[in-house]
Amino acid sequence: MTDTSGTAGQLTGLSQQEADRLLQQYGYNETIEKKIPPWKLFLKKFWNLSAWMLESIIILSLIIRNYSDAAVVSCFLLTNAIIVFIQDYKASDAVKLLRKKLSVSVHVLRDSEWKTIPARELVPGDVIRLQTGDFIPADLKLTEGSITVNQASLTGESGGIIKKKGDDIYSGSVITEGETTAKVISTGGHTYYGKTINLLKTASPKSHVDEVIARVIKWLSIVIGTMLLLAIVISLVKGIPILSILPVMVILFMNAIPVGLTVMFSVNNAIGARQLLKEDALVTRMNAPNDAASMDVLCIDKTGTLTMNNLSVAGLIPADGFTAQQVLLYGVQASHAADKDAIDIAFIEEGKKQNIASQSFTQKSFTPFTPQNRHTEAVIQTGQEEYTVYKGSFEVIAKLSGLTDAAKEVWQKKVDEAATKGYRTLAVARGEPGKQIQLTGITTLFDPPREDAGKLVGELKEMAISVMLLTGDALPIATEIARKTGIGSRLIKASELKEEGALAEQLEQCNGIAEVYPEDKYKIVKALQSGKHIVGMTGDGVNDAPALKQAEVGVAVHNATDVAKSSASIILTKDGLQGILSPVRLGRVTFERFNIWMLNKVSRTLMKVCFIVLALILFSKYVVSTTTLLLLLLITDFVFISTSNSNVKISIKPAQWNIPQLALTGAVQGILMAVEALGLLAIGWHYFDLAAHPGQLYTFTYLTLLFFSLMVVFVVREKKHFWSSAPGRLDTFLLVGNMIIGFILSQTGLVELKPIPWWQSLFAFGYIAFMTLVINDYIKYLIYKRYKSER
């Protein structure tokens, strides 16, 4: 490899030939994102349990030459796939926009000549030239010069950091002052930035909705499978050809699969996402509001989230012989506005407030703060007088001032007392040529909490969400902020965190963790999840990205970096955290709507299966056709998409799926409706002569099952009596509208369905309305009341 050591004038950089070879070896300087073609994403919608069931019906219908059923199911399958694909693709487009980066060019030394090339073509060993305002395109080692860099894109902290010859700087940073020559040491996925991106690929939260759906499907499949086996045995005993009833069996079994839930889920979340955008929150993952509904722990960053991210001078404590104004004046003189250092800015702004900054002085030289010297130093000229001022940590300034042990102990107590109140302390000193440097006093600095921080924490706690503070600040400062914002006072240092096995239990006893490094956040989120918590996490830097992606509810704050935003499931579009309340509230509304949908699904499915099997036993006949069941499935499953706008009451606690209660309520409603439907069929069988007219029998059973399926919505949407709250207008319109359509269909007929007299349809409506809205509603009320008292 070409020697690239030495000064800028001696550097030759890589040859183009060697650069091309290294590019083949290391690849382009970019993070690789695996892209799936849209057509593959669309085809995946046909490769899942729900799709397989529909596809099996199509095949069976074609085998027995029932082409009308095959056509209806095909349309059903295609419509479902298109709707879900469109919603998912829109969501992925939003994330792609967040990931998009501007193309960066760099000045690189190739073949002893400075050239401008795209940053993606950099390779390890390249020598590049950088200056103020430049974006750091790869991990570098400085070969000359001194610069100040802003690493906010990595850490979220906006303060400048000084880098000198021999220091490493990471991709994603920005040079705020100075210019330098540097050598590329890592590119692409091997950079600090790239490794963080790679960690994102391993970070992913569980899909709790999928888990619940799987449990419901398993339970329904067992119940329905048992009933269908019974139906098959009865069919064999009664001599009914199995092949002729297979489509009916498959459709009934398909009812165990929430086919319409994917559409319901997508539409509901799409509506919610648009609503949240108006409330200062952008959703990038479709099920984020649903996860927010169940969130019971929210880990909150301090700087810029709970606080203003704006240091200010809180107090001035002068030494004997000096005044508070002198302490501030010397502090201002020991600051440099051009460095944009947060502490310097705090002194300068306070000086302006007190009209001290306007005093005439000349800063002849300035030495900035570094981790090595831990103080700033400036030579000041005022008229004929010249002196030096110092500003920095108390330990360093005390040493420079030559304080006695007794004096140092007195001042240390003041520093410790300020720390317990959440203040950061800096000492200020003044020195003249030939004289001992004098400590003039100490200043206290504070990043004040946002005005709405305490209110926010209170509202989160009212919603039964535990708030945990995660901050890199020292324990006393973190404790004071936690106390002032109402989070609590039980905080520990990150160094006190236990091993993985006991970590979850330890975290449950804490209100926050101080002195946290960014990489600790991912570990904390994983530990809380292992303790069965649904975790929210706020963040703003690249280092926060893995934790944001791992958390069920990753929240990128307003000023977050692009990588943090692309890893989060919710992005706040305004300062502060008030925007997080909207997804939680909306999520709980969405959860209740999903819960109602699942309850509907369970009750309707059990009603249909039990009704058909019991009717087979009593009447030795299948009283439904495949057309009947397909129409019911199409109307009832998709009409309940209207519950996306249903009026619901939300819980004051994090949403949790109560499967036993859901199963009990749904089973009771389903069995009640099946028995009641059987009673109505018996009336029709004996008094309406349905036995002699199969087409009218199919119409009557279709109308019966339709009216029960639609009316039960009014019952299960409310835990009290159905009249306790009004349903949504769209709900009412669609439900009543579909009842009218069903009534019209019963008068006109369709395919196998033959017209029945209008008075039979009205009789069925009145019977079902009484049974559902009076009898079944009262029984449901008793179940909820008893279940609540037992809990």
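The values are calculated or read from the model by the stated rules, or taken from the named source; none is laboratory data. Because the structure is predicted, anything quoted here is derived from the model rather than measured. For neighbour counting, all protein chains shown are included, and Cβ atoms are generated from backbone atoms with ideal geometry for every residue, glycine included. Calculation scope for accessible area: heavy atoms of the full protein, side chains included, ligands and nucleic acids excluded. Shrake-Rupley method; radii C 1.70, N 1.55, O 1.52, S 1.80 Å.
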(request) Within the range 692-732, track down each residue that is open to solvent by 50 Å² or more (accessible area, probe 1.4 Å) and more than 18 Å from ILE596 (Cα to Cα). (result) ALA692, HIS693, PRO694
(request) List every residue pair whose Cβ atoms sit under 7 Å apart, with the two residues 6 or more apart in sequence or on different chains, where the first one lies in the range 175-186 and is farther than 25 Å from LEU22 by Cβ and among the small types (Gly, Ala, Ser) and the second, anywhere, is assigned to a loop (DSSP other than H, G, I, E, B) and open to solvent by 50 Å² or more (accessible area, probe 1.4 Å). (result) GLY178/THR132; GLY178/SER146
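Yes/no per residue for (1) of a type in the set (D, E, K, R); (2) more than 21 Å from ILE744 (Cβ to Cβ); (3) assigned to a helix (DSSP H, G or I):
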position	(1), (2), (3)
ILE650	no, yes, no
LYS653	yes, yes, no
GLN661	no, yes, yes
ALA667	no, yes, yes
ILE671	no, yes, yes
GLY679	no, yes, yes
GLY684	no, no, yes
LEU697	no, no, yes
LEU703	no, no, yes
(message) Residues to consider are ILE487, ILE524, ILE513; find the one that is crowded, with 20+ Cβ neighbours inside 10 Å and assigned to a strand (DSSP E or B).
(response) ILE513
(message) Filter the range 761-773 down to the residues that are under 13 Å from LEU672 (Cβ atoms) and open to solvent by less than 70 Å² (accessible area, probe 1.4 Å) and list them by number.
(response) ILE768, MET771, THR772, LEU773
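The rows are residues; the columns are (1) open to solvent by 20 Å² or more (accessible area, probe 1.4 Å); (2) in contact (Cβ under 8 Å) with a residue 60 or more places away in the chain; (3) within 23 Å of GLY684 (Cα to Cα); (4) touching a Pro at 6+ places or on another chain (Cβ under 8 Å).
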residue: ASN595; (1), (2), (3), (4): yes, yes, no, no
residue: LEU599; (1), (2), (3), (4): no, yes, no, no
residue: VAL602; (1), (2), (3), (4): no, yes, no, no
residue: LYS608; (1), (2), (3), (4): no, yes, yes, no
residue: LEU614; (1), (2), (3), (4): yes, yes, yes, no
residue: ILE617; (1), (2), (3), (4): yes, yes, yes, no
residue: VAL623; (1), (2), (3), (4): no, yes, yes, no
residue: THR627; (1), (2), (3), (4): no, yes, yes, no
residue: LEU631; (1), (2), (3), (4): yes, yes, yes, no
(message) Checking LEU672 against (1) at pLDDT 90 or above; (2) closer than 30 Å to PRO583 by Cα: exactly one of these is not met. Which one?
(response) (2)
(message) Which residue is modelled with the lowest pLDDT, if the candidates are limited to the range 4-36 and must be open to solvent by 90 Å² or more (accessible area, probe 1.4 Å) and not in a loop (DSSP other than H, G, I, E, B)?
(response) TYR26
(request) Any chance you could count how many residues in the range 62-72 are part of a helix (DSSP H, G or I) and modelled with pLDDT under 70? (result) 3
(request) Among the strands (runs of 3 or more DSSP E) lying completely within the range 274-324, list those that include at least 1 residues that are surrounded by 23 or more Cβ atoms within 10 Å (Cβ to Cβ) and at pLDDT below 75. (result) none
(message) Please pick out the residue among THR420, THR388, THR425 that is open to solvent by 10 Å² or more (accessible area, probe 1.4 Å), among the polar types (S, T, N, Q) and in contact with a Ser or Thr (Cβ under 7 Å, 6 or more places away or on another chain).
(response) THR425
